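One structure below.
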Amino acid sequence: MKVFRLDDLEAERAANDGAYLQFLRERNMSVGLYALDAGSHDPQNPHSQDEVYFVVSGRASVSVGLETTEVARGSVIYVPAGVSHKFHHISEDLRVLVVFSPPEG
C-alpha cells in the first residue's frame with residue numbers, strides 16, 4: 001500500500017519550484033499534483049495519454065477541445081489523449097490531482 005498526504009505533496013511540489021509533482025508511477029498509470037495560482041497561465045500542450053483531473057481546491061475554467069466549463073473543488077474532468085486542453089480564468093489557487101494512463105513520459 002502507498003498512502004500520500006496532500007499537505008506533504010504540496011510542500012514537496014513547492015520545495016521543487018514546479019507547478020507539477022509526479023508522486024506515483026506504476027505500470028499502467030501515473031499520478032501527480034498540478035498547481036496553478038490565481039491569475040496564472042496554464043502552459044499545457046496535449047498529452048499522448050488519457051487524463052483524469054480531480055480538482056482538490058480552487059476555481060477556474062477549463063477548455064477541453066471546443067468545450068469550456070467552470071470547475072471547482074470536487075470537479076472531475078476527463079481529457080482524451082491528444083486533445084487540446086487548458087485551465088484559464090483561474091480565480092482561486094488551483095490544486096488538481098492528475099491521473100495519466102498509461103503513465104506520463
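The values are calculated or read from the model by the stated rules, or taken from the named source; none is laboratory data. The structure presented is a predicted model; accordingly, all values stated were derived computationally and were not measured. All Cβ positions, even for glycine, are placed from backbone atoms using ideal geometry, and neighbour counts span all protein chains on display. Each accessible area value is taken on the protein alone, full model and side chains, heavy atoms only, with ligands, DNA and RNA left out. Shrake-Rupley method; radii C 1.70, N 1.55, O 1.52, S 1.80 Å.
Summary of computed values
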{"read-out": "Calculated SAXS-style log₁₀ I(q)/I(0) at q = 0.13, 0.16, 0.18 Å⁻¹ - segment 1-52, Debye, Cα scatterers", "value": "-0.38, -0.57, -0.71"}
{"read-out": "Under the Karplus curve 6.51 cos²θ - 1.76 cosθ + 1.60, θ = phi - 60°, whole-Hz ³J(HN,Hα) for segment 48-60, x wherever Gly or Pro sits", "value": "8, 10, 5, 9, 10, 10, 10, 6, 7, 7, x, 8, 6"}
{"read-out": "Using a Förster distance of 30 Å, the FRET efficiency for Leu66-Met1 (Cβ separation, nearest 0.05)", "value": "0.15"}
{"read-out": "Neighbour-limited loop hits for GluC sites (Glu not before Pro), segment 50-105 (at most 12 other Cβ within 10 Å; DSSP other than H, G, I, E, B)", "value": "none"}
{"read-out": "Solvent accessible area, Å² - Tyr20, 1.4 Å probe, full protein context", "value": "70 Å²"}
{"read-out": "Descending principal axes extents, the chain, alpha-carbon based, whole Å", "value": "37, 27, 23"}
{"read-out": "Cut-off 12 Å between beta-carbons: net charge of the residues surrounding Ala81, Lys and Arg +1, Asp and Glu -1", "value": "-3"}
{"read-out": "Within a Gaussian network of the chain (alpha carbon springs, distance under 10 Å), most fluctuating of Ala15, Ala60, Ala38", "value": "Ala15"}
{"read-out": "Most mobile listed residue (Arg59, Arg27, Arg13) in the chain, GNM with C-alpha springs under 10 Å", "value": "Arg27"}
